[in-house]
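Working notes, structure below.
The values are calculated or read from the model by the stated rules, or taken from the named source; none is laboratory data. Here the structure is a predicted model, which means the values were calculated and not measured. Here the Cβ is made from the backbone with ideal geometry for all residues, glycine too, and neighbour counts use every protein chain on show.
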Amino acid sequence: MKTALVTGVTSGFGKAFALKLANLGYRLIITGRRAQRLEELCLYLRTELNTQVISLCFDVRDREACKKAFESIPAEFAEIDLLVNNAGLAAGALAFDESEIDDFEQMIDTNVKGLLYMTKLVIPGMIKRQKGHIVNISSIAGLEVYPNGSVYCASKHAVNAITKGLRIDLVKYGIKVSSISPGAVETEFSLIRYKGDEEKAKKVYAGLIPLNADDIAEALEFIITRPEHVNIVDIQINPKQQANTYISHREL
């Protein structure tokens with residue numbers, strides 16, 4: 001049985017990933033910041049899907065918390081075959097000159113540094129076993145920049161650069177490195193970005209049929225179920241109505 005560690009599972013992509021991996025027969029280590037949601041998902045996975053699962057509640061922005069949580073993983077879960085670096089967010093949607101430094105730090109600390117912390121903890125075991133797979137959740141924002149998104153886009157450009165660098169550095173150990181780059185997906189993403197303003201969040205998807213978390217989970221399934229000699233570099237996935245980060249055909 002393979003073991004997967006997935007960050008940011010308390011909503012959106014992360015929850016869909018956990019359910020998908022459970023159905024694929026993985027043993028799971030799930031992490032997140034919201035303890036109640038984490039425990040509810042853990043209970044569901046155990047009781048309804050008969051999954052071997054443990055939950056770790058911490059914030060990936062906190063380097064010491066990452067280390068402490070990782071060191072608490074019991075021996076039977078210690079050999080991690082798959083790391084899904086999913087924890088991430090956008091904070092604010094204003095022009096650079098109108099934005100808050102705190103939002104910049106939250107995005108960089110979560111999207112970039114959190115990914116680095118978790119990857120640095122997991123890869124020694126993969127190197128020792130000469131196998132493993134890392135899947136980083138990037139974004140179409142990592143491929144092109146759009147108005148009022150400079151720092152979020154920068155964070156996802158960094159994810160893409162790190163992913164490419166990891167692939168170069170780890171190829172000699174037989175470790176696969178992949179990414180998924182979604183376009184517009186309706187999850188809690190926009191609600192968090194607009195700091196709970198539901199009206200602004202709804203406008204993001206007005207006139208569109210956006211992707212959903214299950215669409216992205218299916219992309220993950222495709223990546224991790226290829227033959228051993230195949231490594232999927234990246235899957236970019238958009239709604240049919242979205243041409244790029246800032247051009248969409250909206251049927252209003």
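Only helices (runs of 4 or more DSSP H) whose full extent lies in the stretch 1-83 are considered here, and the ones with at least 3 residues that are closer than 22 Å to Arg226 by Cβ are 12-23.
Do we have any residue at all in the stretch 61-72 that's touching a Leu at 6+ places or on another chain (Cβ under 6 Å) and of a type in the set (Gly, Ala, Ser)? Checking the stretch 61-72: at least one residue is touching a Leu at 6+ places or on another chain (Cβ under 6 Å) and of a type in the set (Gly, Ala, Ser). Is it the case that the stretch 154-174 has a residue that's of a type in the set (Ser, Thr, Tyr), touching a residue at least 24 places away in the same chain (Cβ under 8 Å) and over 24 Å from Gly132 (Cβ atoms)? Within the stretch 154-174, one or more residues are of a type in the set (Ser, Thr, Tyr), touching a residue at least 24 places away in the same chain (Cβ under 8 Å) and over 24 Å from Gly132 (Cβ atoms). Checked against the criterion of being farther than 13 Å from Asp234 by Cα, in contact with a Leu (Cβ under 7 Å, 6 or more places away or on another chain), not in a loop (DSSP other than H, G, I, E, B) and not basic (Lys, Arg), the stretch 153-161 contains not a single residue that satisfies it. Candidates Leu45, Leu38: the one that is in contact with a Gly (Cβ under 6 Å, 6 or more places away or on another chain) and either surrounded by fewer than 21 Cβ atoms within 10 Å (Cβ to Cβ) or more than 21 Å from Ile123 (Cβ to Cβ) (or both) is Leu38.
Condition first: over 22 Å from Asp234 (Cα atoms), touching a helix residue (DSSP H, G or I) at 6+ places or on another chain (Cβ under 6 Å) and surrounded by 20 or more Cβ atoms within 10 Å (Cβ to Cβ). Can you find one or more residues in the stretch 70-83 that meet it? Yes, there is a match, as at least one residue in the stretch 70-83 is over 22 Å from Asp234 (Cα atoms), touching a helix residue (DSSP H, G or I) at 6+ places or on another chain (Cβ under 6 Å) and surrounded by 20 or more Cβ atoms within 10 Å (Cβ to Cβ). Return the total of residues in the stretch 178-212 being surrounded by 13 or more Cβ atoms within 10 Å (Cβ to Cβ), at pLDDT below 95 and of a type in the set (Gly, Ala, Ser). Number of matching residues: 3.
Yes or no, residue by residue, for (1) closer than 24 Å to Lys176 by Cβ; (2) out of contact with any Leu (no Cβ under 8 Å at 6 or more places or on another chain); (3) modelled with pLDDT under 95:
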{"position": "Pro74", "(1), (2), (3)": "no, yes, no"}
{"position": "Gly92", "(1), (2), (3)": "no, yes, yes"}
{"position": "Phe104", "(1), (2), (3)": "no, yes, no"}
{"position": "Val112", "(1), (2), (3)": "yes, yes, no"}
{"position": "Tyr117", "(1), (2), (3)": "yes, yes, no"}
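Residue under question is Gly149, and the condition is that it be out of contact with any strand residue (DSSP E or B) (no Cβ under 6 Å at 6 or more places or on another chain), on the phi > 0 side of the Ramachandran plot and in contact (Cβ under 8 Å) with a residue 40 or more places away in the chain; does it hold? No: the conditions fail for Gly149.
Give me the residue from the stretch 213-252 that is of a type in the set (A, V, I, L, M) and assigned to a helix (DSSP H, G or I) and, out of that set, surrounded by the most Cβ atoms within 10 Å (Cβ to Cβ). Going through the qualifying residues, I end up with Leu220. The sole residue among Leu89, Leu24 that is within 20 Å of Asn136 (Cβ to Cβ), loosely packed, with under 15 Cβ neighbours inside 10 Å and touching a helix residue (DSSP H, G or I) at 6+ places or on another chain (Cβ under 9 Å) is Leu24. Screening Met107, Met118 for residues that are surrounded by 19 or more Cβ atoms within 10 Å (Cβ to Cβ) and over 16 Å from Val6 (Cα atoms) leaves exactly one candidate, Met107.
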